[in-house]
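See below for the structure under consideration.
The values are calculated or read from the model by the stated rules, or taken from the named source; none is laboratory data. No experiment lies behind these values; they were computed from the predicted model shown. Counting neighbours? That spans all protein chains shown, and the Cβs are built from the backbone with ideal geometry, glycine included. We work out accessible area using only protein heavy atoms, side chains counted, and drop any ligands, DNA or RNA first. Shrake-Rupley method; radii C 1.70, N 1.55, O 1.52, S 1.80 Å.
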Amino acid sequence: MKRANFTLLPLTIFVALNVQANSEQLDTIDVVSDNYSPQISNVAAKGVVKVRQATKMSDVLRGVPGVNVNGGRSVVERYNIRGVSEEYLTVTVDGARQNGYAFHHSGNYGIDPEILKRVDIDVGSNSVVTGAGSLGGSIKFETVDAADMLEEGQNLGGKVKYGWGSNGNSHQATTMLYGRAGNLDLLGYFNYRHQEDGKDGNGLKNANKGHLQDYLFKAKYNISPEQWLKFSAERYTNTALSCFRANFGMCLGDVPKVGQPGYRLANHSRAYTELERETYTLSYGYKPTDNPLINFKANIYNTDSKTSSMGERQTNIRTVGGTFNNTSDFDLGVTHHAVLVGGEYFNTKSRAYESGPNGYVTKVDSTSISLEDQIGFGDFVVTPGVRYDHHKARLSPTFNKSYSRISKALGLKYLATENLVLFANYTELFKGPDAGEITLNGTRGYAPSLEATRGDNKEAGFNFAKDNIFTNDDSFSITAKYFYTDYDNINKNINLGGFSGYQSVGKVKLKGVEAATKYRLGNLTANISYARARSEQRKDGYAAFPDTGDRYNFGLSYYVPSAQIELGWNTMWIREIYMPTRLGGRGVPYYSGSTHKESYAVSNAYISWSPSQVKGLEVTFGVDNIFNKAYKDQSTQYYDAVDLDPGRNYKLSLSYKF
C-alpha cells in the first residue's frame, strides 16, 4: 500500500479541522497539544481533547502529560511545564503576551476558563517560533469569537449559563450576546462567580471566600473574504479573602486568635488577595486564495496586570508589544516548503507599590526575529530554523545590560509506515534576565555578572495511529517521547540571608519521558498518559524546579447518541517523591536534605445531557475528587507550607444557546 505524503496535508490545517469538529457541543474547551495521542487523519499532527465543567485552569490542563497547574484556589494558581515555572514559558491570551513574576504568595496570570474555546500547548521548546524567552514551552489561550457561536444563516444570538458547586457553595452566572451585521461580527460576554470558604478532604475549612468577574468585548471586521481586522478587550478580576500568605494554610483550623498567646499577624490573620488584568489586542490577517506565498498575521497588544496580597496593592506589570508572521507554501523540485518568517517586540515595565529600592520601575525590552522552513520530501519532513534575540534589561539604577544571541533548531520527522511517525528535535534556548519577583524586587540583589540563560533542548519519540484494529469501528493511537534539556545557567529568586536576590543557580539539567495513548471502540473512548520530569542543579545536586512524582492519568468517556448523553471519568495518580533540596531558613541554619511529597490519587466524573427536544440546552452534572481525598499538589513551590487542595465537590451547570 502506498504511503501517505507529508506534504498533502499541512499540520496546521489538520489541527484546525479537528478543532472545528463537534462544534455543537456548547460547554467544552479544545485542548491541543503535541503530547496528546495523534488523530487517525494525520498521525503527524497534534492531538485534541475536549474539557468540560472547568472552573479553574487546573481543570483545563490537568490531562496534558508534562503540564501542571498548582494552587488550591484560582487566585494562587501557577502553571508549569516539566516543572519549569510560568515566568520561563511563553503564555499568551488572544496573542497578547502575559509576562512577569509578581509575588510568590499569589498567582500571576488570571485566566477565566469559561470564555476559552481553545488552549494550544507546546510541551517543551522544540521550535524557534515558540516565542522569545521560552525555556520550557508555551501555553496559548484563545477566547471565543462571534463566528464560533453563530450558526449558518444566523445574525443574532446569545448564551446564558448558570453553574453551582457544593464545596464553597459557589454560584456562577454567564451571559453572552453576539451578532453579525454585514461584514462586522460583535460579541459581548460577562461572567460572575461567587464562592464561600470550602473544605479540604479532611473537612478543614479553607480560606477562599470571594468572587471572580470577567468582561470581554470582541469585534471582527471582514474587509474581504481574504482579509480581516479584529479587536478584543478583556477585564478580569479575581478576589479572595485568604490567609495572610494566600498560598499557605497557617490561618486554618485551631490557631491563635488576636490577643491570644502565639498569635502572629503574618501567620494567623486573613487578608484579601486579588488579581486584576486588562488586555487589549488589535490583530490583522491576510490570506489570498490565489497566492500560497502569503498567509500573513500581525497583532499589537497591551496587558496591564495588578496584584494585591496581604491586604494591600503589591505590584503592577504592564507589557506592550506586537507580533507578525507569514507562512509561504511552495514546491521546489521534489520538495515542498512551508517557510515561516516571524518576529516579536515587547516591553515590560514592572513596579512594586512601595517606596525605597523595591519601588524602582524595572524595564525589559525584547526583540526577536525567526525563520523556519518545513521541508517535505517523500516520507521526510526536515525543519531547520534560526532566531535572533536582542534583550535589554534595566533592572535597577546600577543594572542596565543588553544581551543577544542567534539560536538554531533542527527538527526531523520520518513516516516509517502509513501509521508510524518517528521524530527528533534539537533547539537552542535563550532568555535574557527578567526583573525576578517584583514584590521582593531584586534591586538589592542583582549580581553585576548576571548573564542570559542559554541552553538546548533535545527530544526524540514517535507517533502511531491506526484504524480498524480489532473491529471495523475502532482506533488506537499513541505518542511517546524522551527529552533532555541543558541550561548553562538558570536565573531565579533565591534567599541571600535575610533578603531576596535575583541570581544564577548555575548549570541545570532536566530530563524525563512523556507518553499518551488512546483507544476508541464505537462511542467508548479510553485514554492513559504518563509523565516524568527530574531537574538537577549541577553544582549541588538539588532540584532546580518543584519536581513531582511520576504522574499517571486514566480517562473514560462514553456517548449515547439515542439519548444525547455523554459520560466521563478521569483518575490522576501521582507517585511519592523525595526531592533533593536545601532546607532551613528563617533562623534555622541551612542544610542538605529532601522534601517528601506524598502520593495521591484523585478521580472526577461527569454526565452531560443535550436533549434534542430543546435545541441549545445542555445540562451537566459532575463530581470532583469523588473519594474526598486529602492531598496537596506536588508541583507547588512551597509544598510543606501550602494548604490542601479542595475536597469533594458536586457541580451542576445549565447552559442555553439561542
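Worth pointing out:
- Those residues of segment 602-649 which are under 30 Å from V84 (Cβ atoms), modelled with pLDDT of 95 or more and open to solvent by 50 Å² or more (accessible area, probe 1.4 Å), in sequence order: K629
- Residue satisfying condition, being among the charged types (D, E, K, R) and surrounded by 16 or more Cβ atoms within 10 Å (Cβ to Cβ), within set E312, E276: E276
- The set of residues from segment 197-211 being open to solvent by 70 Å² or more (accessible area, probe 1.4 Å), out of contact with any Asp or Glu (no Cβ under 9 Å at 6 or more places or on another chain) and among the charged types (D, E, K, R) comprises just one member, K199.
- Among residues of segment 285-309, those that are in a strand (DSSP E or B), among the hydroxyl-bearing types (S, T, Y) and open to solvent by 60 Å² or more (accessible area, probe 1.4 Å), counted: 1
- Considering K632, K615, K597, the condition of being charged (D, E, K, R) and in contact with a Phe, Trp or Tyr (Cβ under 6 Å, 6 or more places away or on another chain) is satisfied by K597 alone.
Per-residue answers, yes or no, for (1) among the polar types (S, T, N, Q); (2) at pLDDT 95 or above; (3) touching a strand residue (DSSP E or B) at 6+ places or on another chain (Cβ under 6 Å):
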residue: Y178; (1), (2), (3): no, yes, yes
residue: D185; (1), (2), (3): no, yes, yes
residue: D197; (1), (2), (3): no, no, yes
residue: L204; (1), (2), (3): no, no, no
residue: G210; (1), (2), (3): no, no, yes
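- Flag for R387 being surrounded by 17 or more Cβ atoms within 10 Å (Cβ to Cβ), within 25 Å of the chain's Cα centre (by Cα) and at pLDDT below 95: no
- Residue check: W569 meets all listed conditions (1) modelled with pLDDT under 95; (2) open to solvent by 70 Å² or more (accessible area, probe 1.4 Å) but one, namely (1).
- Failed condition for L524, given (1) closer than 30 Å to T362 by Cα; (2) open to solvent by 50 Å² or more (accessible area, probe 1.4 Å): (1)
- Taken over segment 479-521, the criterion of being modelled with pLDDT of 90 or more, open to solvent by less than 50 Å² (accessible area, probe 1.4 Å) and of a type in the set (S, T, Y) is satisfied by T479, T485, Y487, T517.
- Near pairs, Cβ below 6 angstrom, 6+ apart or cross-chain, from segment 537-566 (over 28 Å from V642 (Cα atoms)) to any residue that is open to solvent by less than 40 Å² (accessible area, probe 1.4 Å) and among the acidic types (D, E): Y559/E566
- Hey, T289 farther than 27 Å from T130 by Cβ and among the β-branched types (V, I, T) or not: yes
- Going through (1) assigned to a strand (DSSP E or B); (2) at pLDDT below 95; (3) farther than 23 Å from N491 by Cα one by one, D373 falls short only on (2).
- Residue in segment 630-653 that is under 25 Å from the mean Cα position of the chain (by Cα), over 18 Å from F248 (Cβ atoms), assigned to a loop (DSSP other than H, G, I, E, B) and not aliphatic (A, V, I, L, M) present: yes
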